[in-house]
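Here's the structure we're looking at; comments come further down.
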Amino acid sequence: MPSSQLRFAGLGLAGCLLASAALAHDHAPLRGRLVFADHEKPVIRILDLDRGEVTHSFDVPKPNPGFAGVSGGRYVVVKTGDEAGTLRILDTGLIAELHGDHVDLDKAEPKLLDFMTKGDRPAHVISGQGQLALFYDGLRPWEGKSEPKVVMVAIDSLAKPNPATTIWPSPAPQHGIAVPLGARQWLISMPNPAYAKGDDRSASPRPNGFEVLEQAKPQKAGGWKRVAGFNDPARADASCRLYHGYAPARGGRHLFGCAEGEGGGLLVLSKAGKGTAGWSARKLAYPDERRVSALRSRAGGRYLVGNYGLKAPYDALLRIDPDAKALAAEDVLPVPGGQAVCQFELSGNGSRLANLTPDGKLRVYALAPAWQQLASFDVVPAFDCAYGAKTPTPSLAVTGNSAFVSDPASGRIREYHLDTLKQGLDMPVGGMPANLAGSDAG
């Protein structure tokens, strides 16, 4: 495919989906590419949004692999789902080059990189600060020995034959997370001692807290130095019981979803100044007895949004202002009909939210000054969005101000503009398109 270039202002490429923007130029902007999987066939494909056709296809071990975006917009992590726990990297061929007041975008040839990682139960994928963290949870302690770990990869080295990697060995299995902080520092969850011991099979694999660790410089002997700790169960503002759900917020803050009840809420971690000092934490209480399990944010956006409920299926959305002293009842939006939240994503500037629900509708909401439904589209037939559902599940992905929904039943991918509230492209792609490459999830 010939390389082409455009200039545009204000494009956010922090997800893995691929570029769209409105520009003040004398030529039509390129729209980029969309990555999608197939429910039945072991293949991932690329839809070129400028040409309106599928241009590339790559074989994978199993149908409908999962995707996770990598900051910078060029790479997508492919969760193959094979027995070896293999994670692959797809180079989408979209290369952004910053030039102050604009970004140049080149369309190069996509490729599935030879680089891959393997391990027991790959889970959370987080990227930022030029680093990619691939977390392997490890086996349940009573299932046998395993090697829970984080594989840390320098993003700018992915284009090289041998990317630069570092391994952090977790002291025990956990359903954990590693957040790159820059300057060789990482915020990493610590295993739940009750789960790690393995005697109580009802113990949760979810962590209860975190540590900030600093990696030794390459020229020195290996090792990690503890910089700060937030893993004290006796302190609500220094722990996060049964953590699940993470997103970054404005001002270099990090928000984590913790358990409901006494001492529960959202843990807000922030750092002021340089060096190893200055870390602080506080709890932002939930407005009632429920909790979040997944969080979404956008760079520069005021609000984060989480799914909200006491247990699955979560049936409400929670608007979160990290500057607030407390969250209130008006921050909660029940999903119509008591349905599961299912899939939700913020627009590129974080002002609107798209929510795909099991009734097959895509609803678009404004977040401020109060929750307001702006539009509702009948996008796909009703479907089962429960975890592990065997039936084909449509997928939602948002890039810029466009929401894309896959329709496995009709072999199509449809676009909905979140700013104009009108339908955009409606493209036949064949097969049973399912998972789309979407933004980062906890």
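The values are calculated or read from the model by the stated rules, or taken from the named source; none is laboratory data. These figures come from a predicted structure and were not determined experimentally. Please note: Cβ atoms are built from the backbone with ideal geometry, for glycine as well, and neighbour counts cover all protein chains shown. In case anyone asks, the SASA skips ligands and DNA or RNA and just uses the protein heavy atoms, side chains included. Shrake-Rupley method; radii C 1.70, N 1.55, O 1.52, S 1.80 Å.
Taking only protein heavy atoms and a 1.4 Å probe, what accessible area per residue, in Å², does the chain have with all protein chains in place?
On the way: 18900 Å² over 442 residues.
With the other protein chains kept in place, the chain gives 43 Å² per residue.
Once phi is turned into ³J(HN,Hα) by the Karplus curve 6.51 cos²θ - 1.76 cosθ + 1.60 with θ = phi - 60°, what whole-Hz value does each residue of the stretch 126-136 show in order, with x for glycine and proline?
Calculated HN-Hα couplings, in order: 10, 9, x, 6, x, 10, 10, 10, 10, 9, 9 Hz.
If you take every residue apart from residue 399 with its C-beta less than 12 Å away from the C-beta of residue 399, what net charge results, scoring Lys and Arg +1 and Asp and Glu -1?
My count for the surroundings of residue 399 gives +1.
In whole angstrom, how long is each semi-axis of the equivalent ellipsoid of the stretch 226-278, when you take the square root of 5 times every eigenvalue of its Cα gyration tensor and sort them from largest down? Can you show the working numbers first?
Working: eigenvalues 83, 40, 13 Å².
Semi-axes, largest first: 20, 14, 8 Å.
Would you kindly calculate the mean projected area, averaged across all directions, of the convex hull enclosing the Cα atoms of the stretch 93-219, in square nanometres? Mind dumping the intermediate values first?
Details: hull surface 40.7 nm².
Orientation-averaged projected area of the Cα hull: 10.2 nm².
All other residues with a Cβ under 14 Å from the Cβ of residue 92 taken together, and with Lys, Arg as +1 and Asp, Glu as -1, what is their net charge?
Details: positive: 31, 33, 45, 74, 88, 107, 111; negative: 48, 50, 91, 106, 109.
In short, +2.
Return the long-range amide H neighbours of residue 190 (sequence gap of 5 or more, or a different chain), with a cut-off of under 5 Å between placed amide H atoms.
For residue 190, the qualifying residues are 208, 209, 210, 211.
Longer than 27 Å from Cα to Cα, which of 79/325; 111/217; 149/225 are they? Say none if no pair is.
Numbers: 79/325 38 Å; 111/217 32 Å; 149/225 17 Å.
Checking Cα-Cα distances, 79/325; 111/217 exceed 27 Å.
To the nearest 500 deg cm²/dmol, what mean residue ellipticity at 222 nm is calculated for the chain from DSSP H runs of n ≥ 4 alone, each contributing -39,500 (n - 2.57), summed and divided by the residues?
Calculated mean residue ellipticity at 222 nm is 0 deg cm²/dmol.
Report the far tail of the P(r) of the chain, meaning the percent of Cα-Cα pairs longer than 36 Å.
Working: 23207 of 97461 pairs.
Cα-Cα pairs of the chain separated by over 36 Å account for 24 percent.
Which order do 289, 147 take when ranked by solvent-accessible area (1.4 Å probe, heavy atoms of all protein chains), largest first? Kindly include the intermediate steps, with their values, before the conclusion.
Numbers: 289 115, 147 135 Å².
So the residues, ranked largest to smallest area, are 147, 289.
Between residue 118 and residue 366, how many nm apart are label points set 7 Å from Cα along the C-beta direction?
Spacing of the two 7 Å Cα→Cβ label points: 5.4 nm.
Working out 0.36 nm times the residue gap between residue 199 and residue 142, then minus their Cα-Cα distance, what length gain in nm do you get to one decimal?
Values: separation 57, 0.36 × 57 = 20.52 nm, distance 0.78 nm.
Length gained, residue 199 through residue 142: 19.7 nm.
Might you report the magnitude of the Cβ-based charge dipole of the chain about its Cα centre, with Lys and Arg at +1 and Asp and Glu at -1, to the nearest 20 debye? Could the numbers behind the result be given before it?
On the way: 49 positive and 45 negative charges, 217 e Å.
Charge dipole, the chain, about its Cα centre: 1040 debye, nearest 20.
Among 264, 411, 400, determine the one that fluctuates most according to a GNM of the chain built with springs between C-alpha atoms less than 10 Å apart.
Per the Cα network of the chain with a 10 Å cutoff, 411 tops the list.
Sort 125-132, 49-56 by packing, meaning the average of other beta carbons within 10 Å per residue, with the highest value first.
Details: 125-132: 21.1, 49-56: 16.0.
Peptide ranking by packing, descending: 125-132, 49-56.
Once the Cα gyration tensor of the stretch 325-442 is diagonalised, what are the square roots of 5 times its eigenvalues, in whole Å and ordered largest first, as equivalent ellipsoid semi-axes? Could the numbers behind the result be given before it?
Values: eigenvalues 116, 56, 31 Å².
For the stretch 325-442, the ellipsoid semi-axes come out as 24, 17, 13 Å.
Evaluate E = 1/(1 + (r/R0)^6) for residue 410 and residue 376, where r is the Cβ-Cβ distance and R0 equals 22 Å; express this FRET efficiency to the nearest 0.05.
After rounding, the FRET efficiency stands at 0.65.
Relative to the present Cα-Cα distance, how much length would full extension add between residue 324 and residue 217 at 0.36 nm per residue of separation?
Details: separation 107, 0.36 × 107 = 38.52 nm, distance 3.82 nm.
Additional length available on full extension: 34.7 nm.
Report the one residue of 172, 116, 131 whose Cα lies farthest in the direction of the positive end of the charge dipole of the chain (charges on C-beta: Lys and Arg +1, Asp and Glu -1; origin at the Cα centre).
Of the options given, the answer is 172.
Please list, in order along the stretch 67-72, the HN-Hα scalar couplings obtained from phi with the Karplus expression 6.51 cos²θ - 1.76 cosθ + 1.60 (θ = phi - 60°), rounded to whole Hz, x for Gly and Pro.
So the J values, rounded to whole Hz, are 10, 9, x, 10, 4, x.
Tell me which of 365, 339, 328 sits at the most positive position along the dipole axis of the stretch 283-442, charges placed on C-beta atoms (Lys, Arg +1; Asp, Glu -1).
Toward the positive end, the furthest listed residue is 328.
Give, in nm to one decimal, the length gained when the segment between residue 299 and residue 232 is fully stretched (0.36 nm per residue of separation minus the Cα-Cα distance). Write down the numbers at each step before the final one.
Details: separation 67, 0.36 × 67 = 24.12 nm, distance 2.99 nm.
Once the chain is fully extended between residue 299 and residue 232, it gains 21.1 nm.
For the chain, which whole percent of the accessible surface, found with a 1.4 angstrom probe, sits on carbon and sulfur atoms?
Numbers: 9480 of 18900 Å².
Solvent-exposed carbon and sulfur of the chain make up 50 percent of the total.
Apply the Karplus parameterisation 6.51 cos²θ - 1.76 cosθ + 1.60, with θ equal to phi minus 60°, to every residue of the stretch 225-242 and state each ³J(HN,Hα) to the nearest whole Hz, in sequence, with x for glycine and proline.
Result, rounded to whole Hz: 10, 6, 9, 7, x, 9, 9, 10, x, 7, 10, 5, 8, 9, 7, 8, 4, 6.
Give the residue list of trypsin sites (Lys or Arg not before Pro) in the stretch 350-442 that are DSSP loop and have at most 11 other beta-carbon atoms within 10 angstrom.
Working: sites: 352, 361, 363, 390, 412, 414, 422; in loops: 390, 422.
Those satisfying the criteria are 390, 422.
So if I place +1 on the C-beta of Lys and Arg and -1 on the C-beta of Asp and Glu, and nothing else carries charge, what would the dipole magnitude of the stretch 216-315 be about its Cα centre? I want it in debye, nearest 20. Spell out each step's value before the answer.
Values: 18 positive and 7 negative charges, 148 e Å.
Here the stretch 216-315 has a charge dipole of around 720 debye.
Running a GNM on the chain with Cα contacts under 10 Å, which residue among 38, 331, 323 ends up with the highest mean-square fluctuation?
323
I want the local charge near residue 381. Using Cβ-Cβ distances under 10 Å, sum +1 for each Lys or Arg and -1 for each Asp or Glu among the other residues. Walk me through the intermediate numbers first.
On the way: positive: none; negative: 359, 378, 407.
Counting the neighbours of residue 381, the net charge comes to -3.
Quantify how much of the Cα-Cα distance distribution of the stretch 158-211 extends past 14 Å, in percent. Please report the intermediate quantities before stating the final value.
Working: 856 of 1431 pairs.
The share of Cα pairs beyond 14 Å in the stretch 158-211 comes to 60 percent.
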